[in-house]
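Single-structure report; data block below.
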Amino acid sequence: ADKACPVDKRRRNRCQFCRFQKCLAVGMVKEVVRTDSLKGRRGRLPSKPKSPQESPPSPPVSLITALVRAHVDTTPDLANLDYSLYRPLEPAISEADKIQQFYNLLTTSVDVIRQFAEKIPGWGELCREDQELLFQSASLELFVLRLAYRTRAHDTKLTFCSGAVL
């Protein structure tokens, strides 16, 4: 009657209102309450059928903003690209020189990818071993993704993280 009934194991069925309020107070989500047709069933609730237009929940805006900022901060400025290494056809350089040149660009790109990773929210809270494991397992994919992002299909140039064009 006064909406302050004690809710414990012994008296939990006396007042549904107070029991429900206590459930909400301890973190239960209102939308998960079973309907009358499901009352008494144990186990999981049936999942909603997934429709093709249903999208996954979007991450918080601050995380997206931080990731975009990290990407922009580690992307070369198109106005200041370094074409000194770019040679369309002539003069030809040896395979060994090409490999060395690519290796140098790759190591510079890995440094830029590390700078990107360090700007991701929560990265600094991971222990050093976890940071290294994550970095080693994803750096090649990030390198390829970031290189592909800066490459046009009709173009023969590759623009690396450092701004060097090959």
Checklist outcome for this item: Applied in sequence order to the range 14-25, the curve 6.51 cos²θ - 1.76 cosθ + 1.60 (Karplus, θ = phi - 60°) yields integer Hz couplings, x standing for Gly and Pro, of 6, 9, 5, 4, 5, 5, 5, 4, 5, 4, 5, 5
Checklist entry - Ordered by residue, what ³J(HN,Hα) values in Hz, to whole numbers, does the range 134-148 give under the Karplus form 6.51 cos²θ - 1.76 cosθ + 1.60, where θ = phi - 60° and Gly and Pro are x? => result 4, 5, 5, 7, 10, 5, 5, 4, 5, 4, 5, 4, 5, 5, 4
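Any read-out appearing in this document is the output of simple, stated calculations on the displayed coordinates, not a laboratory observation. As the structure is a computational prediction, the values presented were derived from the model and not from experiment.
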